[in-house]
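Enquirer: Before we start, here is the structure in question, set down as C-alpha coordinates.
The values are calculated or read from the model by the stated rules, or taken from the named source; none is laboratory data. These figures come from a predicted structure and were not determined experimentally. Note: ideal-geometry Cβ built from the backbone for every residue, glycine included; neighbour counts use all protein chains shown. The protein model used for the area step is the full one, side chains on, heavy atoms only, and it has no ligands, DNA or RNA in it. Shrake-Rupley method; radii C 1.70, N 1.55, O 1.52, S 1.80 Å.
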Amino acid sequence: MTIFQFPQDFRWGTATASYQIEGAAQEGGRGVSIWDTFARTPGKVFNGDNGDVACDSYHRYEEDIALMKKLGINTYRFSIAWPRIIPDGDGEINREGLDFYHRFVDALLDAGIEPFLTLYHWDLPQTLEDDGGWGNRRTVDAFVKYAEVIFKEFSGKINFWLTFNEPWCIAFLSNMLGIHAPGNKDVQTAINVAHGLLVAHGKAVQSFRRMGITGQIGIAPNVCWAEPYSKSAEDQAACDRSIALNTDWFLDPIYKGSYPQFLVDWFAEAGATVPIQDGDMEIISEPIDLLGINYYTMGINRHNPDAGVLQSEEMNMGLIKTDIGWPVESRGLYEFMHYLQKYGNVDVYITENGACINDDLENGKINDDRRISYYEQHLAQIHRIINDGINLKGYMAWSLMDNYEWAEGYRMRFGLVHVDFRSLVRTPKESFYWYQSVIKNNWLEIRN
Ligand code: GCO
(Lines give C-alpha, C1' and ligand atoms only; values in the text may rest on other atoms or scores of the structure.)
Protein backbone atom coordinates (compact mmCIF):
# COMPACT_ATOMS: atom_id res chain seq x y z
CA MET A 1 0.00 0.00 0.00
CA THR A 2 1.25 3.46 -0.87
CA ILE A 3 0.03 6.71 0.66
CA PHE A 4 0.20 10.03 -1.18
CA GLN A 5 -0.33 13.03 1.07
CA PHE A 6 -1.81 16.23 -0.42
CA PRO A 7 -1.03 19.82 0.65
CA GLN A 8 -3.07 21.15 3.59
CA ASP A 9 -4.72 23.91 1.55
CA PHE A 10 -5.49 21.73 -1.47
CA ARG A 11 -8.91 22.36 -3.02
CA TRP A 12 -11.06 19.27 -3.52
CA GLY A 13 -14.13 19.71 -5.66
CA THR A 14 -16.44 18.59 -8.38
CA ALA A 15 -17.64 20.36 -11.54
CA THR A 16 -20.85 20.72 -13.54
CA ALA A 17 -22.29 23.06 -16.18
CA SER A 18 -25.65 24.84 -16.42
CA TYR A 19 -27.13 23.24 -19.52
CA GLN A 20 -26.01 19.79 -18.44
CA ILE A 21 -27.80 19.80 -15.07
CA GLU A 22 -30.30 22.63 -14.59
CA GLY A 23 -33.32 21.76 -16.72
CA ALA A 24 -36.19 24.25 -16.18
CA ALA A 25 -35.50 25.41 -19.71
CA GLN A 26 -38.76 27.33 -20.00
CA GLU A 27 -38.78 28.70 -16.47
CA GLY A 28 -37.51 31.73 -14.63
CA GLY A 29 -37.56 33.89 -17.73
CA ARG A 30 -34.76 31.93 -19.39
CA GLY A 31 -34.16 32.63 -23.07
CA VAL A 32 -33.30 30.09 -25.76
CA SER A 33 -29.69 28.95 -26.14
CA ILE A 34 -27.89 27.35 -29.07
CA TRP A 35 -28.05 24.02 -27.24
CA ASP A 36 -31.85 24.15 -27.06
CA THR A 37 -31.87 24.61 -30.81
CA PHE A 38 -29.14 22.07 -31.61
CA ALA A 39 -30.70 19.37 -29.43
CA ARG A 40 -33.95 19.78 -31.38
CA THR A 41 -32.23 19.46 -34.73
CA PRO A 42 -32.76 15.89 -35.96
CA GLY A 43 -29.62 13.77 -36.03
CA LYS A 44 -27.44 16.01 -33.89
CA VAL A 45 -27.81 14.44 -30.45
CA PHE A 46 -28.08 10.75 -29.58
CA ASN A 47 -31.72 9.78 -29.11
CA GLY A 48 -32.76 13.41 -29.67
CA ASP A 49 -32.11 14.05 -25.96
CA ASN A 50 -32.23 17.66 -24.77
CA GLY A 51 -31.59 19.59 -21.56
CA ASP A 52 -35.21 20.61 -20.87
CA VAL A 53 -35.22 18.63 -17.62
CA ALA A 54 -31.66 17.25 -17.30
CA CYS A 55 -31.01 16.66 -13.56
CA ASP A 56 -33.62 19.29 -12.67
CA SER A 57 -31.00 20.98 -10.50
CA TYR A 58 -32.75 24.31 -10.95
CA HIS A 59 -35.37 22.92 -8.56
CA ARG A 60 -33.25 20.39 -6.67
CA TYR A 61 -30.13 22.36 -5.93
CA GLU A 62 -30.60 22.04 -2.17
CA GLU A 63 -30.54 18.28 -2.50
CA ASP A 64 -27.43 18.56 -4.69
CA ILE A 65 -25.67 20.76 -2.14
CA ALA A 66 -26.56 18.26 0.60
CA LEU A 67 -24.79 15.61 -1.51
CA MET A 68 -21.76 17.88 -1.91
CA LYS A 69 -21.64 18.34 1.85
CA LYS A 70 -21.82 14.62 2.38
CA LEU A 71 -19.02 14.16 -0.13
CA GLY A 72 -16.94 16.68 1.79
CA ILE A 73 -15.79 18.90 -1.08
CA ASN A 74 -14.62 22.42 -0.25
CA THR A 75 -15.01 23.75 -3.82
CA TYR A 76 -17.73 23.47 -6.44
CA ARG A 77 -17.34 24.53 -10.04
CA PHE A 78 -20.56 25.51 -11.82
CA SER A 79 -21.54 27.72 -14.74
CA ILE A 80 -24.09 30.46 -15.16
CA ALA A 81 -26.57 30.20 -18.02
CA TRP A 82 -26.27 33.48 -19.91
CA PRO A 83 -29.86 33.08 -21.27
CA ARG A 84 -31.14 33.17 -17.69
CA ILE A 85 -29.45 36.51 -17.09
CA ILE A 86 -29.95 38.28 -20.41
CA PRO A 87 -32.53 36.14 -22.22
CA ASP A 88 -32.06 37.63 -25.68
CA GLY A 89 -28.29 38.04 -25.38
CA ASP A 90 -27.82 41.78 -25.11
CA GLY A 91 -31.15 43.27 -24.03
CA GLU A 92 -32.93 43.44 -20.68
CA ILE A 93 -31.48 41.90 -17.54
CA ASN A 94 -33.69 39.20 -16.02
CA ARG A 95 -33.75 39.69 -12.24
CA GLU A 96 -35.27 36.24 -11.71
CA GLY A 97 -32.19 34.62 -13.23
CA LEU A 98 -29.82 36.58 -11.00
CA ASP A 99 -31.93 35.76 -7.95
CA PHE A 100 -31.71 32.05 -8.72
CA TYR A 101 -27.91 32.12 -8.76
CA HIS A 102 -27.82 34.24 -5.60
CA ARG A 103 -29.92 31.65 -3.79
CA PHE A 104 -27.65 28.93 -5.12
CA VAL A 105 -24.35 30.65 -4.27
CA ASP A 106 -25.62 31.63 -0.81
CA ALA A 107 -26.60 28.02 -0.14
CA LEU A 108 -23.12 26.87 -1.21
CA LEU A 109 -21.47 29.41 1.07
CA ASP A 110 -23.73 28.38 3.95
CA ALA A 111 -22.56 24.81 3.39
CA GLY A 112 -18.94 25.96 3.60
CA ILE A 113 -18.28 25.26 -0.09
CA GLU A 114 -16.30 27.74 -2.20
CA PRO A 115 -18.04 28.52 -5.50
CA PHE A 116 -15.83 28.41 -8.62
CA LEU A 117 -17.79 30.24 -11.31
CA THR A 118 -17.61 29.72 -15.08
CA LEU A 119 -19.19 32.52 -17.11
CA TYR A 120 -19.53 30.58 -20.35
CA HIS A 121 -19.99 26.84 -20.60
CA TRP A 122 -21.47 26.77 -24.09
CA ASP A 123 -25.08 27.99 -23.77
CA LEU A 124 -24.91 31.05 -26.03
CA PRO A 125 -28.20 32.94 -26.41
CA GLN A 126 -29.66 31.86 -29.76
CA THR A 127 -30.37 35.44 -30.86
CA LEU A 128 -26.63 36.16 -30.87
CA GLU A 129 -25.87 33.04 -32.90
CA ASP A 130 -28.55 34.12 -35.40
CA ASP A 131 -26.58 37.31 -35.83
CA GLY A 132 -23.24 35.61 -36.58
CA GLY A 133 -22.30 34.26 -33.13
CA TRP A 134 -18.76 34.64 -31.81
CA GLY A 135 -17.54 35.69 -35.24
CA ASN A 136 -19.52 38.93 -34.86
CA ARG A 137 -18.21 41.63 -32.53
CA ARG A 138 -21.77 42.19 -31.35
CA THR A 139 -21.50 38.88 -29.44
CA VAL A 140 -18.14 39.96 -28.01
CA ASP A 141 -19.64 43.20 -26.67
CA ALA A 142 -22.74 41.38 -25.41
CA PHE A 143 -20.53 38.93 -23.49
CA VAL A 144 -18.63 41.75 -21.85
CA LYS A 145 -21.90 43.36 -20.79
CA TYR A 146 -23.14 40.03 -19.40
CA ALA A 147 -19.81 39.44 -17.60
CA GLU A 148 -19.99 42.90 -16.02
CA VAL A 149 -23.49 42.19 -14.71
CA ILE A 150 -22.27 38.98 -13.09
CA PHE A 151 -19.08 40.61 -11.74
CA LYS A 152 -21.05 43.39 -10.10
CA GLU A 153 -23.70 41.08 -8.64
CA PHE A 154 -21.35 38.44 -7.28
CA SER A 155 -18.26 40.40 -6.31
CA GLY A 156 -17.59 39.58 -2.66
CA LYS A 157 -19.22 36.15 -2.92
CA ILE A 158 -17.02 34.61 -5.59
CA ASN A 159 -13.24 34.23 -5.33
CA PHE A 160 -12.61 32.04 -8.38
CA TRP A 161 -13.74 33.02 -11.86
CA LEU A 162 -13.35 31.49 -15.29
CA THR A 163 -14.34 33.25 -18.50
CA PHE A 164 -14.57 30.36 -20.97
CA ASN A 165 -14.75 26.61 -20.66
CA GLU A 166 -12.78 24.73 -23.31
CA PRO A 167 -12.26 27.33 -26.04
CA TRP A 168 -11.15 24.62 -28.51
CA CYS A 169 -14.56 22.97 -28.18
CA ILE A 170 -16.39 26.28 -28.60
CA ALA A 171 -14.42 27.12 -31.72
CA PHE A 172 -13.28 23.94 -33.45
CA LEU A 173 -15.43 21.06 -32.16
CA SER A 174 -18.55 23.18 -32.64
CA ASN A 175 -17.72 25.13 -35.83
CA MET A 176 -15.11 23.12 -37.75
CA LEU A 177 -16.08 19.55 -36.87
CA GLY A 178 -19.77 20.39 -36.40
CA ILE A 179 -20.19 17.96 -33.49
CA HIS A 180 -21.47 20.51 -30.95
CA ALA A 181 -23.78 23.50 -31.23
CA PRO A 182 -24.13 25.43 -33.47
CA GLY A 183 -22.82 22.65 -35.73
CA ASN A 184 -20.94 24.60 -38.43
CA LYS A 185 -18.33 22.81 -40.51
CA ASP A 186 -16.01 25.51 -41.70
CA VAL A 187 -12.37 26.19 -40.76
CA GLN A 188 -12.59 29.95 -41.25
CA THR A 189 -15.71 30.17 -39.09
CA ALA A 190 -13.93 28.23 -36.33
CA ILE A 191 -10.95 30.59 -36.45
CA ASN A 192 -13.25 33.61 -36.33
CA VAL A 193 -15.03 32.13 -33.32
CA ALA A 194 -11.73 31.39 -31.56
CA HIS A 195 -10.58 34.94 -32.10
CA GLY A 196 -13.90 36.47 -31.06
CA LEU A 197 -13.96 34.55 -27.81
CA LEU A 198 -10.36 35.50 -27.04
CA VAL A 199 -11.17 39.19 -27.50
CA ALA A 200 -14.26 38.70 -25.31
CA HIS A 201 -12.09 36.99 -22.69
CA GLY A 202 -9.54 39.84 -22.70
CA LYS A 203 -12.18 42.56 -22.51
CA ALA A 204 -13.93 40.78 -19.63
CA VAL A 205 -10.63 40.51 -17.72
CA GLN A 206 -10.05 44.23 -18.30
CA SER A 207 -13.52 44.99 -16.89
CA PHE A 208 -12.80 42.70 -13.93
CA ARG A 209 -9.68 44.76 -13.10
CA ARG A 210 -11.28 48.12 -13.74
CA MET A 211 -14.28 47.29 -11.56
CA GLY A 212 -12.08 46.03 -8.70
CA ILE A 213 -13.85 42.68 -8.45
CA THR A 214 -12.87 40.23 -5.68
CA GLY A 215 -10.85 37.13 -6.38
CA GLN A 216 -8.89 35.65 -9.25
CA ILE A 217 -9.82 35.16 -12.88
CA GLY A 218 -8.67 32.87 -15.69
CA ILE A 219 -9.77 30.54 -18.48
CA ALA A 220 -10.10 26.74 -18.76
CA PRO A 221 -8.71 25.08 -21.90
CA ASN A 222 -9.05 21.36 -22.56
CA VAL A 223 -5.85 19.44 -23.04
CA CYS A 224 -5.09 17.15 -25.91
CA TRP A 225 -1.72 15.61 -25.11
CA ALA A 226 -0.38 13.60 -28.05
CA GLU A 227 2.75 11.52 -28.61
CA PRO A 228 4.07 10.32 -31.96
CA TYR A 229 3.24 6.90 -33.39
CA SER A 230 6.73 6.62 -34.90
CA LYS A 231 10.04 8.40 -34.62
CA SER A 232 9.42 10.31 -37.84
CA ALA A 233 9.56 14.10 -37.71
CA GLU A 234 6.21 14.17 -39.53
CA ASP A 235 4.45 12.26 -36.76
CA GLN A 236 5.96 14.55 -34.14
CA ALA A 237 4.80 17.59 -36.12
CA ALA A 238 1.27 16.15 -36.30
CA CYS A 239 1.28 15.80 -32.50
CA ASP A 240 2.59 19.34 -32.11
CA ARG A 241 -0.32 20.66 -34.18
CA SER A 242 -2.91 18.71 -32.18
CA ILE A 243 -1.54 19.88 -28.84
CA ALA A 244 -1.12 23.47 -29.97
CA LEU A 245 -4.59 23.85 -31.45
CA ASN A 246 -6.18 22.87 -28.13
CA THR A 247 -4.05 24.96 -25.82
CA ASP A 248 -1.31 27.15 -27.39
CA TRP A 249 -3.78 28.63 -29.88
CA PHE A 250 -5.49 30.23 -26.88
CA LEU A 251 -2.69 30.48 -24.31
CA ASP A 252 -0.02 32.02 -26.58
CA PRO A 253 -2.25 35.04 -27.32
CA ILE A 254 -3.08 35.36 -23.61
CA TYR A 255 0.46 34.92 -22.24
CA LYS A 256 2.55 36.16 -25.18
CA GLY A 257 0.25 38.38 -27.22
CA SER A 258 0.59 36.38 -30.44
CA TYR A 259 -0.76 33.21 -32.06
CA PRO A 260 1.60 30.22 -32.58
CA GLN A 261 3.13 31.13 -35.94
CA PHE A 262 3.56 27.55 -37.23
CA LEU A 263 -0.18 26.99 -36.91
CA VAL A 264 -1.05 30.37 -38.39
CA ASP A 265 1.05 29.32 -41.41
CA TRP A 266 -0.58 25.90 -41.48
CA PHE A 267 -4.06 27.44 -41.59
CA ALA A 268 -2.96 29.98 -44.20
CA GLU A 269 -2.10 27.00 -46.45
CA ALA A 270 -5.68 25.85 -45.95
CA GLY A 271 -6.92 29.33 -46.92
CA ALA A 272 -7.91 30.49 -43.42
CA THR A 273 -6.64 33.59 -41.61
CA VAL A 274 -7.14 35.17 -38.19
CA PRO A 275 -9.30 38.33 -38.36
CA ILE A 276 -7.13 40.46 -36.05
CA GLN A 277 -8.21 44.08 -35.61
CA ASP A 278 -6.05 46.88 -34.24
CA GLY A 279 -5.53 46.53 -30.50
CA ASP A 280 -6.93 42.98 -30.25
CA MET A 281 -3.72 41.29 -29.13
CA GLU A 282 -3.16 43.85 -26.35
CA ILE A 283 -6.70 43.22 -25.10
CA ILE A 284 -6.31 39.43 -25.24
CA SER A 285 -2.99 39.50 -23.36
CA GLU A 286 -4.40 41.26 -20.29
CA PRO A 287 -2.74 39.26 -17.47
CA ILE A 288 -4.80 36.54 -15.79
CA ASP A 289 -4.43 35.01 -12.31
CA LEU A 290 -5.05 31.32 -12.81
CA LEU A 291 -5.62 28.57 -15.33
CA GLY A 292 -8.20 25.82 -15.27
CA ILE A 293 -7.13 22.64 -17.03
CA ASN A 294 -9.58 20.01 -18.24
CA TYR A 295 -7.91 16.66 -18.86
CA TYR A 296 -9.47 13.34 -19.87
CA THR A 297 -7.18 11.38 -22.16
CA MET A 298 -4.21 11.51 -24.51
CA GLY A 299 -3.54 10.27 -28.02
CA ILE A 300 -0.85 8.49 -30.00
CA ASN A 301 -0.97 10.32 -33.32
CA ARG A 302 0.54 10.07 -36.77
CA HIS A 303 0.67 12.29 -39.79
CA ASN A 304 -2.05 11.46 -42.30
CA PRO A 305 -2.94 13.89 -45.13
CA ASP A 306 -6.53 12.59 -45.04
CA ALA A 307 -7.03 13.25 -41.33
CA GLY A 308 -8.79 16.60 -41.37
CA VAL A 309 -7.26 20.04 -41.56
CA LEU A 310 -4.56 19.18 -39.01
CA GLN A 311 -3.62 15.95 -40.82
CA SER A 312 -3.11 14.38 -37.40
CA GLU A 313 -4.66 10.96 -36.90
CA GLU A 314 -5.20 9.37 -33.52
CA MET A 315 -4.25 5.70 -33.59
CA ASN A 316 -6.00 2.91 -31.75
CA MET A 317 -3.32 1.50 -29.46
CA GLY A 318 -5.52 -1.07 -27.76
CA LEU A 319 -5.42 0.69 -24.40
CA ILE A 320 -8.21 0.28 -21.87
CA LYS A 321 -10.97 2.74 -22.72
CA THR A 322 -13.77 4.33 -20.77
CA ASP A 323 -17.32 3.71 -22.02
CA ILE A 324 -17.21 6.80 -24.25
CA GLY A 325 -14.20 5.29 -26.02
CA TRP A 326 -11.44 7.47 -24.59
CA PRO A 327 -8.18 5.66 -23.69
CA VAL A 328 -7.30 5.72 -19.99
CA GLU A 329 -3.86 7.29 -19.88
CA SER A 330 -2.97 9.55 -16.97
CA ARG A 331 0.60 10.16 -18.12
CA GLY A 332 -0.53 12.84 -20.58
CA LEU A 333 -1.60 15.02 -17.67
CA TYR A 334 1.87 14.79 -16.14
CA GLU A 335 3.58 15.57 -19.46
CA PHE A 336 1.22 18.44 -20.20
CA MET A 337 1.72 20.10 -16.83
CA HIS A 338 5.45 20.23 -17.54
CA TYR A 339 4.84 21.51 -21.09
CA LEU A 340 2.70 24.26 -19.59
CA GLN A 341 5.70 25.56 -17.65
CA LYS A 342 6.77 27.41 -20.79
CA TYR A 343 4.24 30.05 -19.71
CA GLY A 344 5.76 30.20 -16.22
CA ASN A 345 4.75 28.39 -13.05
CA VAL A 346 1.20 29.74 -13.14
CA ASP A 347 -1.47 28.76 -10.60
CA VAL A 348 -3.41 25.84 -12.02
CA TYR A 349 -6.57 24.06 -10.99
CA ILE A 350 -7.66 20.83 -12.62
CA THR A 351 -11.16 22.06 -13.41
CA GLU A 352 -12.29 18.76 -14.96
CA ASN A 353 -11.09 15.18 -14.94
CA GLY A 354 -13.17 12.06 -14.88
CA ALA A 355 -14.36 8.88 -16.54
CA CYS A 356 -17.44 7.84 -18.45
CA ILE A 357 -18.42 4.52 -16.87
CA ASN A 358 -21.99 3.48 -17.56
CA ASP A 359 -22.44 1.04 -14.68
CA ASP A 360 -26.02 1.03 -13.47
CA LEU A 361 -27.81 0.21 -10.26
CA GLU A 362 -27.55 -3.37 -9.06
CA ASN A 363 -29.26 -4.21 -5.80
CA GLY A 364 -29.37 -0.53 -4.91
CA LYS A 365 -25.62 -0.01 -5.52
CA ILE A 366 -23.42 1.19 -8.34
CA ASN A 367 -20.10 -0.64 -8.25
CA ASP A 368 -18.11 1.66 -10.52
CA ASP A 369 -14.71 0.28 -9.69
CA ARG A 370 -13.34 1.29 -13.10
CA ARG A 371 -14.11 4.93 -12.26
CA ILE A 372 -12.26 4.61 -8.94
CA SER A 373 -9.29 3.13 -10.73
CA TYR A 374 -9.32 6.03 -13.25
CA TYR A 375 -9.37 8.59 -10.44
CA GLU A 376 -6.62 6.76 -8.57
CA GLN A 377 -4.28 6.90 -11.55
CA HIS A 378 -4.93 10.56 -12.21
CA LEU A 379 -4.64 11.65 -8.59
CA ALA A 380 -1.34 9.77 -8.34
CA GLN A 381 -0.07 11.88 -11.27
CA ILE A 382 -1.34 15.03 -9.61
CA HIS A 383 0.58 14.16 -6.48
CA ARG A 384 3.69 13.70 -8.62
CA ILE A 385 3.10 17.02 -10.38
CA ILE A 386 2.79 18.87 -7.06
CA ASN A 387 5.97 17.18 -5.81
CA ASP A 388 7.76 18.49 -8.89
CA GLY A 389 7.06 22.00 -7.59
CA ILE A 390 4.28 22.89 -10.04
CA ASN A 391 1.60 25.21 -8.62
CA LEU A 392 -1.32 22.83 -8.93
CA LYS A 393 -3.75 23.98 -6.27
CA GLY A 394 -6.94 22.05 -6.66
CA TYR A 395 -8.84 19.25 -8.34
CA MET A 396 -12.43 19.18 -9.54
CA ALA A 397 -13.80 15.81 -10.53
CA TRP A 398 -16.11 15.70 -13.54
CA SER A 399 -18.75 15.26 -12.47
CA LEU A 400 -20.78 15.52 -9.29
CA MET A 401 -23.57 13.58 -10.96
CA ASP A 402 -24.58 11.95 -14.23
CA ASN A 403 -25.87 14.63 -16.59
CA TYR A 404 -26.57 15.68 -20.16
CA GLU A 405 -23.44 14.67 -22.06
CA TRP A 406 -23.95 17.02 -25.04
CA ALA A 407 -24.14 15.19 -28.38
CA GLU A 408 -24.18 11.87 -26.50
CA GLY A 409 -27.35 12.77 -24.62
CA TYR A 410 -27.98 10.92 -21.36
CA ARG A 411 -26.40 7.62 -22.29
CA MET A 412 -22.86 8.59 -21.21
CA ARG A 413 -22.44 8.84 -17.45
CA PHE A 414 -19.60 10.72 -15.74
CA GLY A 415 -21.10 11.16 -12.27
CA LEU A 416 -19.98 10.24 -8.78
CA VAL A 417 -23.71 10.23 -8.14
CA HIS A 418 -26.06 8.18 -10.31
CA VAL A 419 -29.14 9.97 -11.65
CA ASP A 420 -32.23 8.09 -12.76
CA PHE A 421 -33.38 10.37 -15.56
CA ARG A 422 -37.02 9.24 -15.23
CA SER A 423 -37.50 9.63 -11.48
CA LEU A 424 -34.56 12.07 -11.02
CA VAL A 425 -33.55 10.09 -7.95
CA ARG A 426 -29.88 10.53 -7.03
CA THR A 427 -27.82 7.60 -5.71
CA PRO A 428 -24.17 7.95 -4.68
CA LYS A 429 -21.93 5.44 -6.44
CA GLU A 430 -19.05 3.51 -4.85
CA SER A 431 -16.70 6.13 -6.36
CA PHE A 432 -18.53 8.79 -4.32
CA TYR A 433 -17.63 7.02 -1.08
CA TRP A 434 -14.09 6.43 -2.30
CA TYR A 435 -13.64 10.16 -3.15
CA GLN A 436 -15.23 11.07 0.19
CA SER A 437 -12.48 9.17 2.04
CA VAL A 438 -9.71 10.68 -0.10
CA ILE A 439 -10.99 14.17 0.76
CA LYS A 440 -11.45 13.37 4.44
CA ASN A 441 -7.94 11.93 4.78
CA ASN A 442 -6.36 14.43 2.38
CA TRP A 443 -4.35 11.51 1.10
CA LEU A 444 -4.64 8.95 -1.62
CA GLU A 445 -4.12 5.32 -0.83
CA ILE A 446 -3.06 3.25 -3.82
CA ARG A 447 -4.31 -0.31 -3.78
CA ASN A 448 -1.38 -2.45 -4.85
C1 GCO B 1 -16.22 19.68 -21.27
C2 GCO B 1 -17.18 19.63 -20.77
C3 GCO B 1 -18.04 18.77 -20.00
C4 GCO B 1 -18.18 17.38 -20.53
C5 GCO B 1 -17.04 16.52 -20.11
C6 GCO B 1 -17.14 15.11 -20.57
O7 GCO B 1 -15.93 20.83 -20.66
O8 GCO B 1 -15.90 18.99 -22.22
O9 GCO B 1 -16.95 20.69 -19.90
O10 GCO B 1 -19.17 19.53 -20.13
O11 GCO B 1 -19.35 16.84 -20.10
O12 GCO B 1 -15.86 17.04 -20.63
O13 GCO B 1 -17.14 15.05 -21.96
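Enquirer: How large, in percent, is the carbon and sulfur part of the accessible surface of the chain at a probe radius of 1.4 Å?
Expert: About 48 percent, which is the carbon plus sulfur part of the accessible surface.
Enquirer: Might you tell me the accessible area per residue for the chain, computed with a 1.4 Å probe and given in Å²?
Expert: Result: 37 Å² per residue.
Enquirer: Also, quick follow-up: Name the residue, out of 74, 316, 353, whose mean-square fluctuation peaks in a Gaussian network model built on the chain with Cα pairs under 10 Å.
Expert: Comparing 74, 316, 353 in the GNM, the peak value goes to 316.
Enquirer: Measure up 70/365; 70/157; 70/440; 152/203; 44/145; 152/393 against 20 Å on the Cα-Cα distance and list the ones that go over.
Expert: Violating the 20 Å limit, Cα to Cα: 70/157; 44/145; 152/393.
Enquirer: In addition: Just to confirm a number: summing +1 for Lys and Arg and -1 for Asp and Glu over residues other than residue 153 whose beta-carbon lies under 11 angstrom from that of residue 153, what do you get?
Expert: Residues close to residue 153 contribute a combined charge of +1.
Enquirer: Same structure again: Note the direction-averaged projected area, equal to a quarter of the hull surface, for the Cα convex hull of the stretch 1-103, in nm².
Expert: With the hull built on Cα positions only, its mean projection is 9.8 nm².
Enquirer: Could you work out [θ]222 nm for the chain from helices alone, using -39500 (n - 2.57) per DSSP H run of at least four and dividing by all its residues? Round to the nearest 500 deg cm²/dmol.
Expert: -11500 deg cm²/dmol
Enquirer: Please build a GNM for the chain, connecting alpha carbons under 10 Å apart, and tell me which residue among 321, 203, 44 fluctuates the most.
Expert: Of the options given, 321 has the highest mean-square fluctuation.
Enquirer: What is the pair-distance distribution P(r) of the chain, computed from all Cα-Cα distances in 20 Å bins starting at 0, with each bin given as a whole percent?
Expert: Answer for the chain: a P(r) of 26, 62, 12, 0 percent.
Enquirer: Using DSSP to call loops (not H, G, I, E or B), can you name the trypsin sites (Lys or Arg not before Pro) in the stretch 217-318 whose Cβ has at most 14 other Cβ atoms within 10 angstrom?
Expert: The qualifying sites are 231.
Enquirer: Please report the antiparallel percentage of the DSSP beta bridges confined to the chain, to the nearest 5.
Expert: Among the beta bridges of the chain, antiparallel pairing accounts for roughly 25 percent.
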